[in-house]
Amino acid sequence: MWKLATRHFWLRASSLSITLICRTVLAQQPYGLDSREPIGPFLNNVMPATAGTPEFPALLSATGAFSDVRKLTPATGVIPFTVNSPLWSDGAIKSRWIAVPNDGPPYTADEQIRFTPRGEWAFPNGTVFIKHFELTTNELTGEKKRLETRLLVRETSGAVYGITYKWRSDNSDADLLPGGLDEQIAITTPSGQTRVQTWSYPSRDDCLFCHNQPAKYVLGVKTHQLNGDFIYPSTGRADNQLRTWAHLGMLDPTPNEASIASYLKSVSITNPVATIQHRMRSWIDSNCSQCHRPGGFCPQYDARFYTPLNKQNLLNTYVKFRDLAGSQLYQRDNTLGPLKMPPLAKNVVHEAAMAVLRQWIASPLETLVSPTIL
């Protein structure tokens, strides 16, 4: 009996020691950024507070998003970030920034993001999201072409508007687009041949098709997408983004650092370590959940990553194992025809994702990871 009690005490003491060590390591690890710089709402009130304003800055350089638009150096108070599982954008390379209005600590409720470990975050009015797109136009040399930079602005009403700036050929600046546009882009393939790819610049209405009210307007900025490391260019440090944002006072309530590792985490479709199911469900979330969700435009199934698999209405409906022809998810995502998904701004099939989806559909049911977890 004495031996059992001693062993139990030793195990509890060891567990406590490990917890304390983990917390000590977290405390000693430098944050990605040391401080959060002030910035006014709507990029220091340069951007309109509502979409109804007839005048938008004609040039990207005039928006205040970048201190050096040629070098894409973000303005003071504009913070770079990334997501674990990016939306497929016809092979484009994307960079992202966020500007959450604040005038320095202590931070009030209208200077912080309403944080939740699962589900959609809520953002202060005047928050601006910036996304930049480039496309590799020479697959032999890696040469890239700047395409567009989009701004998504949270209005005073709590809704959003989006605008697009198309880059000039000399990369000196980008011009405001009044509407949608298709551009034919020549791309040199690894064999030295040339193919032509259509790039679709979205209209303002197109932006709101995906950034819709049922999805709470903002798509990628949430816990499972930001729960991963990012190398901050201004410091050269790698850190978990949730940890850095919490340290900067951007999140309310502030997550406990020791809890971050237990939060859900989506992964890239090309992640060779993650399971096929984990990769596929992450991709479905980032590419489909803006419309496919309860109360959404297409509520037939729930694509959200944090919904347990056995409650998504995916299996044996839109994904039929060992039945590729009967799996609507595959048939519609693997086409550019009239029934393609997503229906907007898709001119290239995401072949890497389709390969993983084929593997998932070919999986025997007994090999699936617990459907209530992932």
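The values are calculated or read from the model by the stated rules, or taken from the named source; none is laboratory data. Since the structure is predicted, the reported quantities are computational estimates derived from the model, not experimental observations. Using ideal geometry, Cβ is built from the backbone for each residue, glycine included, and neighbour counts are taken over all protein chains shown.
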TODO: Of all residues in region 50-79, count the ones that are at pLDDT below 95 and surrounded by 15 or more Cβ atoms within 10 Å (Cβ to Cβ).
DONE: 1
Open item on the list: Please go through region 67-93 and give me each residue that is part of a strand (DSSP E or B) and either out of contact with any strand residue (DSSP E or B) (no Cβ under 6 Å at 6 or more places or on another chain) or without any contact (Cβ under 8 Å) to a residue 12 or more places away in the chain (or both), ordered by number.
Closed with: SER67, ASP68, THR73
Task: The listed residue being touching a Pro at 6+ places or on another chain (Cβ under 6 Å) and in the same structural domain as PHE123 (by TED's automatic domain parsing), out of THR63, THR53, THR76 - done: THR63
Open item on the list: Of the conditions (1) of a type in the set (D, E, K, R); (2) at positive phi; (3) more than 19 Å from the chain's Cα centre (by Cα), ASP68 satisfies every one except a single condition; which number is it?
Closed with: (2)
Open item on the list: Could you check region 93-112 and list, in sequence order, the residues that are surrounded by fewer than 19 Cβ atoms within 10 Å (Cβ to Cβ) and of a type outside the set (Asp, Glu)?
Closed with: ILE93, LYS94, SER95, ARG96, GLY104, PRO105, PRO106, TYR107, THR108, ALA109
TODO: State which residue is surrounded by the most Cβ atoms within 10 Å (Cβ to Cβ) when the search covers only region 337-357 and only residues that are within 13 Å of TRP283 (Cβ to Cβ) and in contact (Cβ under 8 Å) with a residue 24 or more places away in the chain.
DONE: LEU357
